[in-house]
Amino acid sequence: MKTGSVPRVRNLLSRGSLIALGLIPLAAAAGLASRRWGAWLPEFVALYAGDAMWALACFAFFRLILPSFRSSSVLLLTLAFSLLIELSQLWHPLWLDRIRQTLIGGLLLGFGFRGSDLLCYLAGALAGWGVFALAGSRPGKF
């Protein structure tokens, strides 16, 4: 067999995917911890960190499933998704409130609209954009 005839095995996960896979549980854990132990944290952190970490996890998730998208596109997608989720909290059909009553549904969809959450989502999405920029993860064309 010739030396060059064996195809190289490419890495299954890019640097960006590895970062996203680490960032999602880290952001989720930090957000949950800020709610669980909020009494021991500065009030500002207890009030706003959970929502910022939610948006950071969303950014990382979108970056993971859309690796060819530029980070700026993922940032806009994260902000649009976050806005839709927050606006959905103004709508309370029975079926949606039943989903919100579950642990996962409540964590993903939230319960009540707060305008301040939009700023938290912006902060979390920008943090995600910054993490990927600093890590040198190079996205594709979109």
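Structure notes:
- A 1.4 Å probe over all protein chains sorts V45, V74 by accessible area into V45, V74, starting with the largest.
- In this simple spin-label approximation, V45 and L21 carry label points 7 Å from Cα along the Cα→Cβ vector, and these lie 3.0 nm apart.
- Within the chain, helix-based [θ] at 222 nm, where runs of 4 or more DSSP H residues each add -39,500 (n - 2.57), nearest 500: -23000 deg cm²/dmol
- Based on protein heavy atoms only, the chain ends up with 66 Å² per residue of surface accessible to a 1.4 Å probe.
- Shown for the stretch 57-127 is the translational diffusion coefficient from the Stokes-Einstein equation, using the Kirkwood radius over Cα pairs, a temperature of 37 °C and a viscosity of 0.692 mPa s: 255 µm²/s.
- Taken over the Cα atoms of the stretch 19-94, the convex hull encloses 121 Å³ per residue.
- Heavy-atom accessible area with a 1.4 Å probe sorts R63, R35, largest first, into R35, R63.
- Electrostatic bookkeeping for L47 treats Lys and Arg as +1 and Asp and Glu as -1; over the other residues with beta carbon under 13 Å from its beta carbon, the sum is -1.
- Share of carbon and sulfur in the accessible heavy-atom surface of the chain [1.4 Å probe, %]: 71
- Accessible surface comparison of E43, E86, probe 1.4 Å, protein chains only, largest first: the order is E43, E86.
The values are calculated or read from the model by the stated rules, or taken from the named source; none is laboratory data. Predicted model, so just to flag it, every value in this text is computed and none were measured. We place every Cβ from the backbone using ideal geometry, glycine too, and count neighbours over all the protein chains shown. Note: areas computed on protein heavy atoms with side chains; ligands, DNA, RNA excluded. Shrake-Rupley method; radii C 1.70, N 1.55, O 1.52, S 1.80 Å.
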